[in-house]
Amino acid sequence: MFYPHRVISADTPVQFLKGVGAGRAKVLHEYGFNTAGDLLWFFPYRYEDRRYPTPIADLGHHVDTPVLIRGRVISAHARVSPVKRMRIFEAALEDGSGAIKLVWFNQPFLADQIKRGDRLAVFGAPRLSNYGQLQIESPDWEKFEGDEEEEGSIVPIYSKIGNIPPKALRQIIRRALESLPSLSDPMPPEIRRRLRVGELVPAIEALHGPKELTGEFLGRRSPAHLRVILQEFFTFQLALRVRRATEEVRVKKRAMTIDDAMRSEVRRILPFRLTKAQKRVVKEIADDLRSDRPMYRLLQGDVGSGKTIVALIAAILMIRNGHQVALLAPTEILVEQHHQRIRQLVDGSLVVAKATGAATAGERRTLLAGLRDGYIQLVVGTHALLEEKVAFQSLGLAIVDEQHRFGVEQRQRLFAKGEMPDILVMTATPIPRSLALAMYGDLELSVIDELPPGRRKIKTAVRAPSHLEKVYRFIDGEISDGAQAYIVYPIIEESEKLNLRPLKQGFEAIRKRFPDRQVAMMHGRMTPADKEATMQRFKDGEIDILVSTTVIEVGIDVPKASIMVIMDADRFGLSQLHQLRGRVGRGARTSYCVLVSDLEKDRLEIFSKARDGFEVAERDLQLRGPGEFLGTRQAGALRFRFGDIIRDHHLMERARDTAIDLLASDGVPRAEEIVRQLLGMDVAATARD
C-alpha cells in the first residue's frame, strides 16, 4: 500500500514505494532489495540516449551497430520455421521514414505483448538477412503508451528483476531516489579528501540519471564512478585491516632474539648460498618476528625460487627462541615432501613430526602428546592440524603453504592454536602486485623474484597435433635414458560435470603407443589414497608416463620427471601452464615442456619465451581478467560494482594507503566506526566469507 504523504527515506521498506504492491515487494525481497536505500545502489548497466533516435531510412549506414529506433508496429505475428521447427515472432516497425522487420526466436509469449498499433522504442543492431533484407534480431524493446517523458531523455537500463517490467522498475527506482536528501554520507570529509572523491548523493544521482553520456562517463571514469569505486575499494581494505587489527594484531608477549649461534646454524643447513631476493625476504621476516606485533605476511615466490628454505630459516629462529612451528600444506603428498626435505636439511638437529589423516591411532596419540608437552618442535601437516584435539605448548609461528587452497577461516583457526603466533603464508602462484593487494589486502607482501643459481631453464616448445608422433619418439628416447614424463589433458577439475572421457581416451591411446612403458592415470575423482599411491609410484620410478588432469599442478617434486606434454594447451591460462611447467626441471636433467595446439599460437609462443612467473601472470591477467585468472571461486569474493582490480590497481593502492594512514592516525576504534558506517554492520560480520 502507498501512503501519498509518506516521506521517503533510505530506510523506507520497498512495499511503501509507489508502484510496488505485495507481488512486486516479494520479487524485490527475493533479489535482496528490502529498502529504498538498497535500490539506490542498484545501478544501470547501460544507458539509452533517447533524445536522438535513428530514422529507419538511415539504418543502412549502421549495419552491425546497436542503434535506437522508435516507431509504430504495423504488423505482428508468430510463425514456426519450416526447417528447424523454431518458433519465431516477427513485427514490422514504421517511423514515417521507412519500416524494418524485427525478429525474436523462441519467444512465443511476445504475441501477447506486442500488438499492431503499439508504439515501441527498440535498441539493437540492424543486420542483413539471408535474403539481403535489413532486420533487427532479438532487440531490447519497450512499449510507449501515450505521452512519454522518457522519449526525449537519457534512459537508465537496469538488469532484470524477476517479472517486473523495465519501465515499472525505472519508476520504482525513481521513487527510491526521492530518499537521497535524507541520505547521510558514510565517508567522513577527511577520508573523501584523502581519496580525492566527491560527495555520495550527487554521485548516486549522476549514475541513475546522467546529464550527458561523455566518454569519461561511459568509460566508468567520471567523478561519480570514481566515488563508488574508491568507496568500495576503501571499505574492502579498511575492513581487512580493522579485522586484522582487532582479531589478530595485539601485542605479542614473546620477545625474539637472533644471535650468532642461530646465524651459524642457518648457514650450516643451507644447501646453497641465498640469493639477494631470499636475503631481503629473510630480513623482512626476521624484522617481523622481532616486532611486538604478530607477523602476517604473504611470501610469493616462483616455482623453485626457494620459499621452503626461507620458511625453514624463520622456523629455526622461532624454535631456538623456545617456541613451536606448524607448517600447513594442502595434500598428504606435499606434507610428506616437506617433511622429508626438512628432516634432510636439519639432519637431526630439530624434532620434526608430520600430521596427516593417514596416521594410526598410536601415531596420533604420540603426536598429540609431543605437541602438547613441547617435545615436537616443528610439525608439518594437512587440515588434520586444525582439529580441536591438536594443542601446542607454545605455537610461535604458523606457515601456510599454497594459500589459495585455504581460506581466511582456516588461517584464523591455526592462529587460535597459539598465543598470537606469527603467520607466514606461502604461494607459488605468481600473483601480480595489483591482484595480491586485492586478494590479500590484510597481509604484508614479500616476493622472491629470482631463482637460485644453477637452476636450469626449461626448454619450452609449441607443437601442432600433427607433430605428436615426433614428440612421442622424443619421449621414448628420453625414457630410455632414465627420464619420466607427464602428459596433461585439459579436464576442468572444478566442474561438477567432470567429464573424464577425453582423459581416458588419451590414456588408452598413450598406453597403446607406448606398449613397453609403464603408463598410469591420475585425476581428481580418485580417492586421496589412490592419488597418493599413484604419485608415490611415479616418484619411486615405477611409472614412466603419468597421464593426468591438472591435479598435478601443485608442488610435487619428482626429480627424474623432465618432460611435460600439455595437450590442447590453448585451453589453459598462462599461469596454469606456468604451474604445470614448474613440475619438471627439479633434477639434474635438461627438462622440456611441449605445448600441443594449433590454436592461439601467438599467446603460447609468448609463454614459451617467458621464464619469469610474474611476467607470465601479468600477461595472463591482461588477457583473461581476474575471474578466470583466479578461478571462479576466488574471484567471487572480489565483485565490485564498477571497480576492476587490474585496470584500477592504482586506485586500490590509494585505498589501501588511505586505510593504513587512517588506522595509524585515528586508531582502531575510529576505523571500526567508519567501517561500520560504510558496511552498515560490524566488520566481524564480513570476516567469514
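Looking only at residues in region 636-652 that are part of a helix (DSSP H, G or I) and modelled with pLDDT of 85 or more, which one is nearest to the chain's Cα centre (by Cα)? Outline the logic, then answer.
To start, the set of residues in region 636-652 that are part of a helix (DSSP H, G or I) comprises 636-638, 649-652.
In the following step, the residues that additionally are modelled with pLDDT of 85 or more were identified as 651-652.
On the way: 651: 18, 652: 16 Å.
Per the stated criteria, the residue is 652.
Being within 34 Å of the chain's Cα centre (by Cα), closer than 30 Å to residue 41 by Cβ and not aliphatic (A, V, I, L, M) is true for just one of 179, 184, 153. Which residue is that?
Working: 179 fails: within 34 Å of the chain's Cα centre (by Cα); 153 fails: within 34 Å of the chain's Cα centre (by Cα).
Just one listed residue meets the conditions, 184.
Identify all residues within region 514-532 that are in contact with a strand residue (DSSP E or B) (Cβ under 9 Å, 6 or more places away or on another chain) and in contact (Cβ under 8 Å) with a residue 12 or more places away in the chain; write none if there are none. Lay out the reasoning, then the answer.
Here is the first cut: in region 514-532, the residues in contact with a strand residue (DSSP E or B) (Cβ under 9 Å, 6 or more places away or on another chain) are 514, 517-523, 530-531.
Once the filter is applied, which keeps residues that are in contact with a strand residue (DSSP E or B) (Cβ under 9 Å, 6 or more places away or on another chain) and in contact (Cβ under 8 Å) with a residue 12 or more places away in the chain, region 514-532 yields 514, 517, 518, 519, 520, 521, 522, 523, 531.
From the list 380, 351, pick out the single residue that is surrounded by fewer than 18 Cβ atoms within 10 Å (Cβ to Cβ), of a type in the set (Val, Ile, Thr) and assigned by TED's automatic domain parsing to the domain that holds residue 304. Working first, answer last.
On the way: 380 fails: surrounded by fewer than 18 Cβ atoms within 10 Å (Cβ to Cβ).
Exactly one of 380, 351 is surrounded by fewer than 18 Cβ atoms within 10 Å (Cβ to Cβ), of a type in the set (Val, Ile, Thr) and assigned by TED's automatic domain parsing to the domain that holds residue 304, namely 351.
State whether one or more residues within region 564-572 are of a type in the set (Val, Ile, Thr), over 13 Å from residue 535 (Cβ atoms), outside the structural domain of residue 341 (by TED's automatic domain parsing) and touching a Leu at 6+ places or on another chain (Cβ under 6 Å). Outline the logic, then answer.
Filtering region 564-572 for residues of a type in the set (Val, Ile, Thr) gives 565-566.
Subset that is over 13 Å from residue 535 (Cβ atoms): 565-566.
Now restrict to residues that are outside the structural domain of residue 341 (by TED's automatic domain parsing): 565-566.
The next check asks that each one be touching a Leu at 6+ places or on another chain (Cβ under 6 Å); those that pass are 566.
So far as region 564-572 goes, yes, one or more of its residues are of a type in the set (Val, Ile, Thr), over 13 Å from residue 535 (Cβ atoms), outside the structural domain of residue 341 (by TED's automatic domain parsing) and touching a Leu at 6+ places or on another chain (Cβ under 6 Å).
Could you check, for region 548-559, whether at least one of its residues is buried (at least 20 other Cβ atoms within 10 Å of the Cβ), within 24 Å of residue 336 (Cβ to Cβ) and more than 26 Å from the chain's Cα centre (by Cα)?
yes
Does region 334-348 hold any residues that are aliphatic (A, V, I, L, M), within 22 Å of residue 383 (Cβ to Cβ) and surrounded by fewer than 24 Cβ atoms within 10 Å (Cβ to Cβ), and which are they?
From region 334-348, those aliphatic (A, V, I, L, M) are 334-335, 342, 345-346; that's our starting set.
Going one step further and asking which of them are within 22 Å of residue 383 (Cβ to Cβ), we end up with 334-335, 342.
Across region 334-348, the qualifying residues are 334, 342.
Hey, could you check region 493-515 for residues that are at pLDDT 90 or above and not in a helix (DSSP H, G or I) and say which is surrounded by the most Cβ atoms within 10 Å (Cβ to Cβ)?
514
Which condition number in (1) touching a residue at least 12 places away in the same chain (Cβ under 8 Å); (2) exposed (fewer than 14 other Cβ atoms within 10 Å of the Cβ); (3) part of a loop (DSSP other than H, G, I, E, B) is the one that residue 54 fails?
(2)
Restricting to region 23-46, give me the number of residues that are buried (at least 17 other Cβ atoms within 10 Å of the Cβ), out of contact with any Ser or Thr (no Cβ under 9 Å at 6 or more places or on another chain) and not in a helix (DSSP H, G or I).
Here the count works out to 2.
Taking the criterion of being within 28 Å of residue 538 (Cα to Cα), among the charged types (D, E, K, R) and modelled with pLDDT of 90 or more, would at least one residue in region 317-331 satisfy it?
Among the residues of region 317-331, not one is within 28 Å of residue 538 (Cα to Cα), among the charged types (D, E, K, R) and modelled with pLDDT of 90 or more, which makes the answer no.
Tell me, which helices (runs of 4 or more DSSP H) wholly within region 516-623 include 3 or more residues that are among the acidic types (Asp, Glu), at pLDDT below 85 and closer than 26 Å to residue 401 by Cα?
On the way: elements: 528-539, 574-581, 601-609.
Passing ranges: none, list empty.
If I filter region 267-293 down to residues being polar (S, T, N, Q) and not in a helix (DSSP H, G or I), which single residue comes out as surrounded by the fewest Cβ atoms within 10 Å (Cβ to Cβ)? Reasoning before the result, please.
Taking region 267-293 as the starting set, the residues that turn out to be polar (S, T, N, Q) are 275, 278, 291.
From what's left, not in a helix (DSSP H, G or I): 275, 291.
On the way: 275: 18, 291: 13.
Ranking the candidates gives 291 first.
Could you check how many residues of region 57-84 are within 42 Å of the chain's Cα centre (by Cα) and assigned to a loop (DSSP other than H, G, I, E, B)?
Total satisfying the criteria: 5.
Regarding region 350-361, can at least one residue be identified that is among the small types (Gly, Ala, Ser) and either touching a Phe, Trp or Tyr at 6+ places or on another chain (Cβ under 6 Å) or part of a helix (DSSP H, G or I) (or both)?
So in region 350-361, the residues among the small types (Gly, Ala, Ser) come out as 353, 355, 357-359, 361.
Cutting the leftovers down to either touching a Phe, Trp or Tyr at 6+ places or on another chain (Cβ under 6 Å) or part of a helix (DSSP H, G or I) (or both) gives us 361.
So far as region 350-361 goes, yes, one or more of its residues are among the small types (Gly, Ala, Ser) and either touching a Phe, Trp or Tyr at 6+ places or on another chain (Cβ under 6 Å) or part of a helix (DSSP H, G or I) (or both).
Is there a residue being in contact with a helix residue (DSSP H, G or I) (Cβ under 8 Å, 6 or more places away or on another chain), modelled with pLDDT under 80 and of a type in the set (Gly, Ala, Ser) anywhere in region 402-412?
First, the residues of region 402-412 that are in contact with a helix residue (DSSP H, G or I) (Cβ under 8 Å, 6 or more places away or on another chain): 402, 404, 410, 412.
Those left that are additionally modelled with pLDDT under 80: 402, 404, 410, 412.
Remaining after also requiring of a type in the set (Gly, Ala, Ser): none.
No, because not a single residue in region 402-412 is in contact with a helix residue (DSSP H, G or I) (Cβ under 8 Å, 6 or more places away or on another chain), modelled with pLDDT under 80 and of a type in the set (Gly, Ala, Ser).
May I ask you to list the residues in region 111-128 that are buried (at least 16 other Cβ atoms within 10 Å of the Cβ) and under 12 Å from residue 143 (Cβ atoms)? Break it down stepwise before answering.
Here is the first cut: in region 111-128, the residues buried (at least 16 other Cβ atoms within 10 Å of the Cβ) are 114, 118-124, 126.
Those that are buried (at least 16 other Cβ atoms within 10 Å of the Cβ) and under 12 Å from residue 143 (Cβ atoms): 114, 118, 119, 120, 121, 122.
The values are calculated or read from the model by the stated rules, or taken from the named source; none is laboratory data. Treat the numbers as computed from the prediction; the structure is a model and nothing was measured. Methodologically, a virtual Cβ is constructed for each residue, glycine included, from the backbone with ideal geometry; neighbour enumeration extends over all protein chains shown.
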